[in-house]
Every structure is written in structure tokens, then in C-alpha cells.
1. When DSSP assigns beta bridges and you keep just the ones with both residues in segment 71-210, what percent turn out antiparallel, to the nearest 5?
2. Contour minus end-to-end for residue 100 and residue 173, with contour as 0.36 nm per residue of separation and end-to-end as the Cα-Cα distance?
3. Name the residue from 30, 85, 141 whose Cα lies farthest towards the positive end of the charge dipole of the chain, charges +1 on Cβ of Lys and Arg and -1 on Cβ of Asp and Glu.
4. Gaussian network model of the chain, Cα springs within a sub-10 Å range: biggest mean-square fluctuation belongs to which of 172, 11, 58?
5. Based solely on C-alpha atoms, express the radius of gyration and the Dmax of segment 99-189 in angstrom.
6. Starting from the 7 Å offset along Cα-to-Cβ, what nm value, one decimal, do you get for the label separation of residue 78 and residue 158?
7. Rounded to whole Å and ordered largest first, report the semi-axes of the equivalent ellipsoid of the chain derived from its Cα gyration tensor (root of 5λ).
8. Run through the DSSP bridge list for segment 1-150 and note the antiparallel percent, rounded to the nearest 5.
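None of the figures in this text is laboratory data; all of them are computed from the coordinates on show. Computed from a predicted model, the values in this text were never measured in an experiment. Because the Cβ atoms are built from the backbone with ideal geometry, glycine has one as well, and the counts that use them run over all protein chains shown.
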Amino acid sequence: MKIGIIGPGNVGGTLGRRWAINGHNVVFGTRKTDPEALRGLLSQAGPNARKGSIAQAVGESEVVVLAVPWAGAEQALARAGNLEGKILIDATNALAPGLSGLALGAETSAGEMVAGWASGARTVKAFNTVGSNIMADPHFAGGRVAMFYCGDDAEAKKTVASLIAELGFDPVDAGPLTQARVLEQFALLWISLAMKYGYGREIGFQFLRR
């Protein structure tokens, strides 16, 4: 599969590196022109990964991951070019200063706003509810960490679920894209427990069924 990463930071870099190692063709899209900036990441990702502009990463890919800080999300998508028909994985969280909550009200979500900015894209919310360290290694002795995702396009969600599963997560379909409002609030639980209340970053959630 051809995967474009908009924002090769902690989250985007981790996901892209792991998918490239798994055999996918990955383009890390960035505004930075310094070739040294991604040298370490590209070395780790191997021959299936390369650097390009944001427009190149989008244009050459079937699946695109948006993994930039919320403040730069709209601008990054404006640089992306034509997203018509692309599967767009939104991994952003619109965090308020000091991790005090979300910067958006309860009647919308970052996922819905991204879908509005990315005209024609098949937007799926995913990879926003744990830290990049867990994305790098989601294996716990007690079982697989749940990765919730939501969206309005059934086929796009199937593709995203397969990408989630191959990284070692338990993919859980949380419903339509409006459920991003819930998943983004849920992200705050992981963030607050990890960063503010002493549990540290090596934590994850399971989804139990019976």
C-alpha cells in the first residue's frame, strides 16, 4: 500500500516507520527542506520510505495520515493538493493549553473539521488515543491495546482497521465520524493519566468482549 504521512513527528514518524518496515511504500511529507531533518527516521524506516513535499506525499498515496499539531492542521491540508477519494486518517487532537481540555466545543470535533477542510477525502479518525511510544510498541503482557477508529465510509474504515491490526493493536470500530467527539475526549484520559497524574506513558486501554 502507498501511504503518505503529513507531519513526520513523533506520531507520524512512528507510524510511517513501522508501516515501511512492514513493506508499505511510505512518503514523509514535510515543509522542511533540510535533508538532515529526516535522516535518522529514513534510516530506521529503510528502503520503502522517502521524503517529499506534502503535496507529493498526498499525490503518490492511497492512504494519507494527518499527524501535525492542531494549530497547523488546516494549513497542512491546504498544501496537500487534491484529496479526492483518498483515505485520510486524522490523528490530531485539538488540545487546549496546559492539557486542560479540548480547544473545540462539544458540538464538533477535530475529525469533523478535518473532513470539512479535506474536500472529497474519506476521513477516518484513528491513532489519537495513545502516545507515540505505544504506537511504537503496543504489546502488553495482558493482551492487545485497543485502537478506536470512526468514520462514515465503510470501505475506508476496513482499510484503516487492517493498518491498525498489523501494528499489533486491537482495532475497534466506534461508529460514524461524529464519534470523533468522544474519541478526542477519550484521548484526554490517556494524556492526563500519562502526563499529569503519575501513571507515565507506558499505559494503554483494552476493550473486553463477552
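1. Beta bridges within segment 71-210, antiparallel portion: roughly 40 percent.
2. On the way: separation 73, 0.36 × 73 = 26.28 nm, distance 2.72 nm.
Length gained between residue 100 and residue 173: 23.6 nm.
3. Working it through, the farthest residue towards the positive pole turns out to be 141.
4. In this elastic network of the chain, the residue with the biggest mean-square fluctuation among 172, 11, 58 is 172.
5. 13.3, 42
6. It works out to 3.7 nm between the two label points.
7. Details: eigenvalues 115, 79, 62 Å².
They are 24, 20, 18 Å, listed largest first.
8. Rounded to the nearest five, the antiparallel share is 15 percent.
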